[in-house]
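What follows is a single structure, written as structure tokens, with notes after it.
The values are calculated or read from the model by the stated rules, or taken from the named source; none is laboratory data. The structure presented is a predicted model; accordingly, all values stated were derived computationally and were not measured. In this analysis, Cβ positions are derived from the backbone assuming ideal geometry, glycine residues included, and neighbour counts consider all displayed protein chains.
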Amino acid sequence: MKVSILIVIVLSSFFTGCRTGSTSGKENVYAIIPAPVSLREMRGNFTFTIKSNIILSAVNDENKLAADFLAALIKNPTGFIIPVVQGKKGVSGSVFMSIDKALTSAEGYTLKVTSRRIEIKARTAAGLFYAVQTIRQLLPPAVEKDSIVNNLTLKVPCCEIADEPRFGYRGMHLDVGRHMFPVEYVKRYIDMIALHKMNTFHWHLTEDQGWRIEIKKYPRLTEVGAFRKETVVGHPGKNPVYDGNPYGGFYSQDEVRQIVAYAKSKFVTIIPEIEMPGHSLAALAAYPELACTKGPFEVGKKWGVVEDVYCAGKEETFKFLEDVLTEVIDLFPGEYIHIGGDECPKTRWEKCPLCQKRIKDEGLKDEKELQSYFIKRIEKFLVSKGKRLIGWDEILEGGLAPEATVMSWRGVAGGIEAAKQGHDVIMSPNKYAYLDYYQCEPEGQPLAIGGYLPLENVYSFDPQFAELSTEEQKHILGVQGNVWSEYLNTPQYMEYMAYPRMFAISEIGWTPAYKKDFEDFLARLKVQSLRYDKIGINYFKGEYRNTRAERK
Ligand code: ACM
Ligand code: ZN
């Protein structure tokens with residue numbers, strides 16, 4: 001019989017009255033983000049020594065990732081080389097990691113720390129890895145340093161934790177189209193996703209203002225599409241001003257492979273996004289024959305929605321996109337490919353004889369149904385390659401593709417509608433999850449796109465909806481934070497906007513709703529901020545509360 005972690009949790013909570021993170025006056029040593037389902041604080045500490053080792057019940061490449069990660073953490077401040085060995089049980093002074101198929105959650109784990117030993121159980125290697133991330137957060141920030149200090153006594157406070165995620169999809173997005181971030185920063189972003197037990201990186205790779213992934217069959221995508229002549233200064237008004245500085249770059253396929261492998265080693269799956277039919281100006285600048293009108297086109301220099309999109313009437317468009325997707329599929333082993341689908345003006349299609357012919361030939365009602373035809377055709381191709389399609393919630397318009405997963409961004413209504421239609425949904429509503437919005441009053445802040453989204457508001461989001469039945473609710477796969485980069489023109493500014501709001505997203509995705517507590521989260525954040533300092537994250541340190549809210 002399978003033992004549910006939840007049963008353990010409910011029982012242990014009942015008997016111990018446990019809390020997520022200590023908010024009492026004493027030192028907050030259990031400041032875990034996202035808060036675990038069940039935490040029982042105990043007296044004493046486990047101390048790593050030169051004789052410690054990590055014993056794995058089943059040594060394989062995946063399980064070893066968790067063990068090696070922990071060994072590296074210990075080595076940083078102590079210099080101890082902790083061996084990873086195979087064994088059947090824990091011994092005094094050791095960390096014992098075992099795979100236990102009796103646990104039901106794919107990513108859950110149990111962790112028991114006593115003064116004598118540490119014991120971790122998980123159903124999968126991912127669960128072992130998340131247990132290690134918990135240990136990491138229980139260790140002092142010094143473990144984050146690469147340089148060896150050699151003399152630090154490393155202690156883990158004793159506790160019993162039973163933990164599992166609330167949602168299977170816990171993602172972060174990054175737009176590299178508007179501004180690009182170096183490979184090392186993308187890896188660092190993945191590191192932070194993993195530290196907070198998130199499992200998906202949505203990589204927004206193509207935009208009007210830049211095509212960022214090498215496609216061997218279409219070299220002009222990066223020769224031409226990856227570079228813009230200049231960039232708008234400030235918000236583009238009626239008379240935009242440009243900086244006169246050429247801007248661009250792209251990730252080679254080798255770099256993409258490197259990042260995909262890196263993400264895999266952190267139990268993060270990458271979902272690449274190739275935008276269509278809209279947000280495609282950079283591709284049209286490279287291959288103008290794919291548009292409804294003649295062009296020529298220039299890679300976008302200012303932000304906003306562009307009228308020129310892929311022509312839905314031309315067969316060449318689909319040939320091109322299928323070729324591009326074939327190379328993308330070869331690079332990304334995950335099950336999903338994101339095809340965008342958002343903000344596609346229909347003005348060119350309305351006037352294009354080929355698009356109108358397509359509408360007639362296919363018996364479509366209007367341009368919205370033409371978009372639906374476009375997405376359905378791409379979905380058929382992706383499914384034939386063993387992949388699943390995700391699109392922004394505009395793909396509902398004109399009818400959803402049969403197996404599409406919807407990413408709800410214009411609020412939650414699109415996602416709720418899709419779930420009612422039996423489609424999977426990822427919740428990423430701009431009101432709660434757009435981390436490019438101002439996070440406090442704009443005065444004195446670097447220029448952002450607009451909005452007002454303090455940490456408290458992000459944290460308040462709950463992807464559970466009264467309108468959905470229990471069955472429909474199961475289609476809500478999880479939550480994602482989006483980091484659009486129109487104004488985020490350096491890695492430092494990107495980090496400033498992403499953190500610590502990313503950690504609120506992580507807790508929405510992982511921690512049961514009944515355990516969520518913003519004050520408690522702030523107390524834990526205060527402790528973990530020291531870790532971010534050590535890692536060198538440029539996180540926002542201002543007002544985390546919603547100062548516009550009326551308080552009682
Ligand atoms: C979006 O923000 N256009 C998905
Ligand atoms: Zn057309």
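Results, tabulated for the structure shown:
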{"read-out": "Among the candidates VAL324, VAL299, VAL306, residue that is touching a His at 6+ places or on another chain (Cβ under 8 Å) and among the β-branched types (Val, Ile, Thr)", "value": "VAL306"}
{"read-out": "Meets criteria (within 16 Å of ligand 1 (Cβ to nearest atom), β-branched (Val, Ile, Thr), touching a residue at least 24 places away in the same chain (Cβ under 8 Å) and surrounded by 18 or more Cβ atoms within 10 Å (Cβ to Cβ)) for VAL324", "value": "no"}
{"read-out": "Residue ID - nearest to ligand 1 (Cβ to nearest atom), chosen from residues in segment 343-371 that are surrounded by fewer than 18 Cβ atoms within 10 Å (Cβ to Cβ) and assigned to a loop (DSSP other than H, G, I, E, B)", "value": "GLU343"}
{"read-out": "Number of the condition not met by ASP68 [criteria: (1) surrounded by fewer than 16 Cβ atoms within 10 Å (Cβ to Cβ); (2) modelled with pLDDT of 95 or more]", "value": "(1)"}
{"read-out": "Those residues of segment 477-493 which are over 14 Å from the mean Cα position of the chain (by Cα) and either within 15 Å of ligand 1 (Cβ to nearest atom) or surrounded by 24 or more Cβ atoms within 10 Å (Cβ to Cβ) (or both), in sequence order", "value": "SER485, GLU486, TYR487, LEU488"}
{"read-out": "In segment 421-447, residue farthest from ligand 2 (Cβ to nearest atom) [restricted to those that are among the small types (Gly, Ala, Ser) and crowded, with 19+ Cβ neighbours inside 10 Å]", "value": "ALA433"}
{"read-out": "Qualifying positions in segment 525-548 - surrounded by 14 or more Cβ atoms within 10 Å (Cβ to Cβ), in a loop (DSSP other than H, G, I, E, B) and under 23 Å from the mean Cα position of the chain (by Cα)", "value": "ILE537, ASN538, TYR539, PHE540, TYR544"}
{"read-out": "Hits in segment 43-70 - residues which are more than 16 Å from VAL132 (Cβ to Cβ) and assigned to a strand (DSSP E or B)", "value": "ARG43, GLY44, ASN45, THR47"}
{"read-out": "Residue pairs meeting the criteria (Cβ under 8 Å; at least 6 apart or on separate chains; first within 20 Å of LEU453 (Cβ to Cβ), in segment 522-548; second β-branched (Val, Ile, Thr) and assigned to a loop (DSSP other than H, G, I, E, B))", "value": "LEU525/ILE33"}
